[in-house]
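Here the structure comes first, spelled out in structure tokens, and everything after it is commentary.
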Amino acid sequence: MNKGYSLLLVGFLAAFSAVNTFAAGESSLPSDLQDLKSEVLSLNSEVTKLENELLFPSSSTTVLMGVNAGSKIRLVDVKLSVDDQIVSYHAYSEQETVALSKGGLHRLFMGNVNSGTHSMQAVVTAYDANGKDFQRTVNYSFSKNSLRKIVEIKASNDNSNVQPALFSFREWESKN
């Protein structure tokens, strides 16, 4: 824990102790001391929350990559960036490609991301339903709060044949 927070916490605890000692001798506290006690309790609660956030961050974010079951898209590799920093690269083996075509998911990234709005960019190299190779960059923005965030990127065939593949995003949050 930061030295400043430690000193602040010690000061609050000392003030709290003095208020409690005074309270033991008197049946009712003067309103000034009662207000001080309330402030100390409130600040102690905030310091405890900050300490827990620093020691045990719940800012985990997971990004999953998948292909719609039955789709003829075959992934070659994916490079993932979050907030303009490359966080993951994966080249898919034949076995992984088969698993993805059956509806499997691959975890591209799992790491801590601060609360707030973030941008994600995936550069996907793959083969389309006709066996022609392509590379596509897909972008997505998401908001992160204190809960665990999961974002799924899913590739599928473009039945209109306008694009080699369609990419969709799905996100959800979890307390665990």
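Starting from residues that are within 30 Å of residue 120 (Cβ to Cβ) and in contact with a helix residue (DSSP H, G or I) (Cβ under 9 Å, 6 or more places away or on another chain), keep the ones in the range 41-57 and report whichever is modelled with the lowest pLDDT.
Checked the range 41-57; the qualifying residue modelled with the lowest pLDDT is 54.
Check 88, 81, 71, 38 and return the single one that is at pLDDT 80 or above, of a type in the set (Gly, Ala, Ser), surrounded by 11 or more Cβ atoms within 10 Å (Cβ to Cβ) and outside the structural domain of residue 152 (by TED's automatic domain parsing).
It is 38.
Okay, residues lined up against (1) without any contact (Cβ under 8 Å) to a residue 40 or more places away in the chain; (2) in contact with a Ser or Thr (Cβ under 8 Å, 6 or more places away or on another chain); (3) closer than 24 Å to residue 172 by Cα:
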position	(1), (2), (3)
114	no, yes, yes
131	yes, no, no
134	yes, yes, no
161	yes, no, no
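When the residues of the range 57-107 are narrowed to those that are in a strand (DSSP E or B) and among the polar types (S, T, N, Q), which ends up farthest from residue 117 (Cα to Cα)?
In this case the residue turns out to be 88.
The values are calculated or read from the model by the stated rules, or taken from the named source; none is laboratory data. Here the structure is a predicted model, which is why all the values come from computation and not from measurement. So basically every Cβ, Gly included, is an ideal-geometry build from the backbone, and we count neighbours across all protein chains shown.
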